[in-house]
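Read-outs throughout are calculated quantities, based only on the coordinates presented, and are distinct from any laboratory measurement. Note that this is a predicted model, so its numbers are computed, not measured. Cβ atoms come from the backbone with ideal geometry, glycine included; neighbour counts cover every protein chain shown.
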Amino acid sequence: MKTFLIPAAALMLCVTAASAWAAPGTVLRNDKLYSQPSASSRVTGSVAKGASVNILAKQGGWLRVTSDKTTGWIRLLSVRAGAGGLGGAGLGDVVGDVVGAATTKSDPSRVVTVAGLRGLNDEDLKQAKFNADELERLEALSVTATQARNYAGQSGLAAVNVPGLPEPKPAQASSPWENN
Amino acid sequence: MKIKLIVLAISLVASSGVAAGFDFGKLLEERINKELNKDKPTQPAPAQQPAQTPGQAPAAAQSAAAPPPSAKQKIDARQLGFALFGDYSLEEETRIGRQISGNLLGAVPLVRDDKLQRYVNLVGNWLALQSGRKDVTWRFGVLDTEDINAFAAPGGYIFVTKGLYRRLNNEAELAGVLAHEIAHVTKKHHLKVLKQSSLIGALGQAASSKAKDSDQVVQNLIGNGAEIMARGLDKNAEFEADRVGVVFAARSGYTPWGLPDVLQDLAGLPAKDSRTGLLYKTHPHPADRLAALGEAVGGRLDAVRGKELADRFYRIR
């Protein structure tokens, strides 16, 4: 009995460590909730795009969320963390006045930077003068492919065959020439 | 907007070409149509419209309305020829990237931590080995600013800011960020932007025919300082870099969820955080990036297992 409890407690600890989230989130597209972080597990419910959820835990490509009375695992990419709602463009039906709009307006690539920015800004970059010394530093710090291969091998990283992802269907009709 | 400029450009070149005794017009039109269509996501043609090359009709229409070229207009034939027919050679690409990077480093220096810089180079080069682009020398650097951002320049120059690096939790997240930037280089996103502007630039030179040394030509091409890094890319290029970057990371043995995890973290930041000002000016909002990536990924990466490597992740001081 006791021998059982220790690994169980250790497991619990791991799960809680990985799941110290409990953050608000918004569902980005209609999707199912599963009983386990796996699409082959039982479906426990579904959530609609725009729904608010609470993120309870995270495991690989899955988030454990609770929405109203339903709790379950949903794909990581079907939810955004944060209280900002759906975000900016491309989600026209609910653009509205989500918090994200404070910085993104309708087209997030067209945002005017707020004055008083302390980090990098346009003007810094525009005014920047070529720094040969720093560039030399950068070049001196580079490593060879062999060194990189060895370093990867030290932690058991190996090349994996993963097919490329498909390009999206032309849902957004606007041409890239008009977005610039 | 831009298309109008190009169209105007076509007609300008076409008419001056004729003036110079060339029958450039037709050739240019074909080439530019090709260029325009190359980057365009394929769109289903409207059902009952007669087949017509897009851009051709407006080009012809504009051509009629275009002002006649003034006598002093002279076009740099080499630059124009390149803009229309050429691709950047590896040497040109590297020189462009070097100039942009040197300027960027003029705005923000590297973090003075050689162990950190070496670590990022080791991870980055391993990823780059799976990117399929072996002709460039890859260089990675962490920039000494609390701003949250990452940059890529042609020729294999990749930068992450200290502000972004600090937010990372493991090597897979770093790999996700670097792989996104590597994808910009392998897909030559910045070069495509430069090519478009060099076409305009070549025509702009009609106004001034002063000779330029080659460094000046590169600098002229990229604009002021490193402003090209502040202009950003088309949002479709960012979505593509996300898709390709996730795959590069997975091919390198990392969990594919590193980049999504970083995007989730950024999505959770307050919207008005000053450290993300430039990031959101040049990139779609993380929520949009997650949504777009989700459409492409679906269940395709369900079977991919990879490493996070939190233990050996180099923690910044």
Magnitude of the Cβ-charge dipole (Lys and Arg +1, Asp and Glu -1) of segment A:17-81 about the Cα centre, nearest 20 debye, reported as 100
One finds the C-alpha centres of segment B:98-116 and segment A:24-44 to be spaced, in Å, by 43
Mean per-residue count of partner chain Cβ within 10 Å for A:26-38 equals 1
Expected integer from the mean partner chain Cβ neighbour count at 10 Å over B:117-124 is 5
Descending packing, highest mean Cβ count within 10 Å first, for B:186-193, B:107-114, B:253-260 is B:253-260, B:186-193, B:107-114
So, for the Cα atoms of segment A:17-81, Rg and Dmax in Å stand at 10.2, 29
Given 10 °C, 1.306 mPa s and a Kirkwood radius over Cα pairs, the Stokes-Einstein diffusion coefficient of segment B:75-317 in µm²/s is 85
Per residue of B:236-242, other chain Cβ atoms within 10 Å number on average 3
In whole Hz, the Karplus estimates of ³J(HN,Hα) for segment B:299-316 (6.51, -1.76, 1.60; θ = phi - 60°; x where Gly or Pro) are x, 5, 9, 4, 8, 7, 10, x, 9, 9, 6, 6, 5, 8, 4, 6, 8, 7
By the mean-Cβ-within-10 Å protection proxy, highest first, B:227-236, B:127-136 rank as B:227-236, B:127-136
